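What follows is a set of notes on a single structure, which appears directly below.
What follows draws every value from the coordinates through simple rules; no lab data is involved. Just so you know, these numbers come straight off a predicted model, no measurement behind them. Cβ coordinates were reconstructed from backbone atoms using ideal geometry, including for glycine residues, and neighbour counts include every protein chain displayed.
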Amino acid sequence: MADRLYTSLAADEILSGLRFDTKLEKVVLARIAFALSLSIDGFNVPVSNDFSGGEMKRPTFVSSDELYLKTLLSFVHKKADIQEDEFYSNKSLIKYHIDNGCNHLAKMFEECNRNSEVLIKRLTDKVEFSGRKELKGQGLDLFIGRTVLDKKELALEFNNTKKHANSHLAIMGKPGVGKTQFLLKILADIRRQSNYQTNFIFFDYKGDVVDNGKFIDVAKVQPFRLLQGNQNLPINPFVLPVYDEQTINVSAREKAESFASINSKLGVVQKGALTEAIRAAYAKRADMALPFPDFHDVLEIANAMYEEDNKKDDSLIEVLRDLADFDLFWRHGSDVPPIDKLSNRTLLIDVHAMPVLKELVGYLVIERLYKEMAALPDSPVQDGKRTIRTILVIDEAHNYLGQKNIFLERIIREGRSKGIVVFFASQSPNDYQQKFFNFQELLEFAYIFQCEGVSASSMQDILGCSKKTANDLQVEVARLEPFQVIARSGEKTAEFVKFEAEAFYKSY
């Protein structure tokens, strides 16, 4: 099995030149060239027998996408099976497509008057969103269950902008009443109906979803079991869109605030120390190919700062040491490159085995997703149907709702136009009554399974019903059978609807 290939001399010169102009890594440009060649020439790709260019190592180019790339090649070249030499070698389809795609890249660059920003915009329109444009306007109308009394089928018109202000959703209920099965059914339906173009990032608190092999297969999700078998997240929370001084300073302060919101022991002094350590860690990597630090860098600098000031280790050092020692996130020297974008990946992040840092891991991933979201163009809409790019799914959401997670709040407020959606699964409507942020107002879909001790005010806020109805429903929700749900009614003549939710195991 070949672990490297060599591009043509012409391809290498094109990649090197574009790296200088675009500031993108050569492997990223090579992947773009590969995708261009696949989409433009397909199985008519010309053979390339020039091996005098640059080296391209297999782990760097392929990363964790081997099955995906083989499937692409098998489909485009109409081959039932792609042999190893055909997949990655000096006489492989990947090499042919890289060399050929570089010629397309060079031609496009000239057509863009050698303006790298125009080139990137054109590439974004052509490659990343071309599939979405083909499916633009596709409705995601999901069967969710039948009414209890007359067995009428109910549909969730998930991305219908004519009927709904947004697509944020909450599922509430005590353990064992069916809310996880309902959630998995909705996610699986969305994946299938969107032709797997709508992605999700799922934080699994209990570890029951990651063990559901059927769901992982149906949803085509990549699981990451943290603190199990040395598996970490190939995500670097320090990646930024640009690395100028102001962006780094803002990001460092935001990270310090994030840490403090999770750990109450971090005071003003620790926040200041963390901010300075992060800034110094960026400075250390400034002239390197990957200009962002990892948690080992930050810990090393923080330790040096404490030693210089004769300070004893405190809660800040403890948190940084845990993040570094547990290797929860990508670190420099890893054989696998960090994920360059989260918004086009479907990930299941299992945190149930972690004794600490669950919320902090979630916070850092949510921050990274928000930074990506802010840079995305608006999600296309056609005939009132919005393209949904990705869904942030937070299980056991009561662990997050009480914290002032500024990035989660921003995603909820700003995500609609970008096609970024948040799903919550929690134990009670009471969880969404937070003084610092009005979650209820921004939840378009709310499904209440059996739960106890629900306040009338939270019921009224979640369902938008009258005070009298909310008082009556306090007793009703405590007596619901498993899989029975109270939700807002789609009919103007009713304040709520009671139905039996469809379960994933029944549908799949």
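Some observations on this one:
- Two-decimal log10 I(q)/I(0) for the stretch 4-128, as the Debye equation yields it once each C-alpha is a single scatterer, q = 0.11 Å⁻¹: -0.34
- Sorted into 5 angstrom bins from 0, the C-alpha pair distances of the stretch 345-420 split as 3, 14, 24, 23, 17, 10, 6, 2, 1, 0 percent.
- Sorting 172, 108 by the number of Cβ atoms found within 10 Å of their own Cβ, with the fewest placed first, yields 108, 172.
- Over the stretch 245-325, Cα pairs under 8 Å with separation of 6+ residues give a relative contact order of 26 percent.
- Charge-dipole axis of the chain as Lys and Arg at +1 and Asp and Glu at -1 on Cβ define it, positive-most pick from 315, 38, 304: 38
- Pairs with C-alpha atoms separated by more than 22 Å, drawn from the list 91/220; 385/498; 179/404; 23/371; 79/121, are 91/220; 385/498; 179/404; 79/121.
- Charge dipole magnitude, Cβ of K and R +1, D and E -1 - the chain, Cα centre, debye nearest 20: 1400 debye
- 10 Å beta-carbon shell around residue 204, net charge (K/R +1, D/E -1): -3
- Two-decimal log10 I(q)/I(0) for the stretch 214-301, as the Debye equation yields it once each C-alpha is a single scatterer, q = 0.13 Å⁻¹: -0.55
- The mean sequence separation of alpha-carbon pairs under 8 Å and at least six residues apart, normalised by the residue count of the stretch 4-128, gives a relative contact order of 39 percent.
- Taking N as the residue count of the stretch 210-363, its C-alpha radius of gyration divided by 2.2 N^0.38 Å amounts to 1.10.
- Tensor-based shape of the stretch 180-226 (alpha-carbon gyration tensor, a/c under 1.5 rounded, otherwise prolate or oblate): prolate
- Exposure proxy ranking, count of Cβ atoms within 10 Å, fewest first, for 251, 466, 63, 457: 466, 457, 63, 251
- Charge sum, other residues only, whose C-beta stays under 13 Å from residue 76's C-beta, Lys/Arg counted +1 and Asp/Glu -1: +1
- Taking the chain and dividing mean pair separation by its residue count, relative contact order in percent (alpha carbons under 8 Å, at least six apart): 19 percent
- Contour excess over end-to-end distance, with Cα ends at residue 283 and residue 435 and 0.36 nm allotted per residue: 50.8 nm
- Net charge of the neighbourhood of residue 165, taken over other residues with C-beta under 15 Å away and scored Lys/Arg +1, Asp/Glu -1, is +4.
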